Amino acid sequence: MAAPTPVSALVHSSTLVTAGVYLLIRFNYLITEVGASFPLLILGLMTTLIAGRAALFELDMKKVIALSTLSQLGIIFFRLGISFPFLAFFHLVSHAYFKAILFIAAGAIIHRVKEYQDFRKMGNRIASTKFLRAVIFTANLSLCGLPFIRGFYSKDLVLEITITTGMNPTLYGIIIIATLLTLLYSLRFTIFLMRAPSTREPLRQEVDVNSLIKAGIRILLIPSIAGGF
């Protein structure tokens with residue numbers, strides 16, 4: 001969805017695309033009763049794999065973040081498929097925090113590099129935006145599930161439950177691959193944005209984000225790091 005990222009960051013990260021998932025969480029007991037859990041599990045795994053693979057080869061920054069959101073929604077579907085609605089809701093809330101700051105930071109960067117969204121025209125020219133670079137790096141670490149950051153707790157729990165419930169080894173292998181894909185596209189996102197050479201003209205207006213946006217990001221940053229506790 002090619003929507004204006006900066007003005008719809010909170011809507012896209014925590015409302016618009018997650019409303020349907022929240023509805024399924026509310027109706028989870030009905031889904032279990034009618035025996036629809038396994039199709040939901042397969043649908044979640046396929047969504048995560050396809051979105052993760054697409055994000056791994058995408059060059060548009062906004063599309064990578066959107067596909068990342070889709071990938072995480074697939075993981076939530078998977079948790080509903082194994083009948084753990086509270087764990088699905090926990091990941092839904094966790095994801096909303098760090099994905100919101102990722103959307104806001106990405107939108108702020110796009111505004112400051114002459115509306116470019118292609119990684120090949122953005123890399124290594126945002127060295128002056130130190131705050132935004134730090135925020136994006138922190139959000140990606142949470143998305144990857146770095147130990148003791150918020151994203152770690154929900155991802156580690158689903159892997160533990162998958163092992164202890166004696167799930168089919170093939171399905172367990174798929175969820176491991178999906179988790180690795182998250183790590184790979186997050187690292188690619190960070191490297192392209194911070195280290196790759198830029199192929200555009202230099203701009204003199206490349207300054208860090210203003211204090212109002214900084215304040216909003218800082219509020220979301222605290223639960224993104226320590227909210228897992």
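Any read-out appearing in this document is the output of simple, stated calculations on the displayed coordinates, not a laboratory observation. Since the structure is predicted, the reported quantities are computational estimates derived from the model, not experimental observations. Note that each Cβ is placed from the backbone with ideal geometry, even for glycine, and that neighbours are counted across all protein chains shown.
What the table below lists for this structure:
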| quantity | calculated |
| --- | --- |
| Loop-resident sites, the stretch 100-166, for chymotrypsin sites (Phe, Trp or Tyr not before Pro), counting at most 11 other Cβ within 10 Å (DSSP) | F148 |
| Likely footprinting exposure, H111, H95, fewest C-beta neighbours within 10 Å first | H111, H95 |
| Within the chain, longest stretch free of exposed trypsin sites (Lys or Arg not before Pro) [DSSP loop, at most 12 other beta carbons within 10 Å] | 1-194 |
| Distance in nm between pseudo-label sites at Y29 and I50 (7 Å out along the Cβ direction from Cα) | 3.2 |
| Test item: Cα-centred dipole of the chain, Lys/Arg +1 and Asp/Glu -1 on Cβ, debye | 720 |
| Local electrostatic count at A55 - Lys and Arg +1, Asp and Glu -1, tallied over other residues with Cβ under 10 Å | +2 |
| Helix 169-194 axis, angle to the chain major axis (alpha carbon atoms, nearest 10°) | 10 |
| Folded to 0 to 90 degrees: helix 61-81 orientation relative to the chain principal axis, Cα | 10 |
| The stretch 72-171: relative contact order as a whole-number percent, Cα under 8 Å and 6+ apart | 27 |
| Interatomic Cα distance distribution for the chain, bins of 10 angstrom, percent | 8, 34, 35, 16, 6, 1, 0 |
| Reciprocal mean inverse distance between Cα atoms of the stretch 89-161 - Kirkwood radius, Å | 13.4 |
| Degrees, to the nearest 10: 130-144 long Cα axis against longest axis of the chain | 20 |
| Longest site-free stretch - the chain; sites: GluC sites (Glu not before Pro), DSSP loop, at most 16 other Cβ within 10 Å | 1-114 |
| MRE, 222 nm, helices only [DSSP H, n ≥ 4, -39500 (n - 2.57), over the chain, to nearest 500] | -23500 deg cm²/dmol |
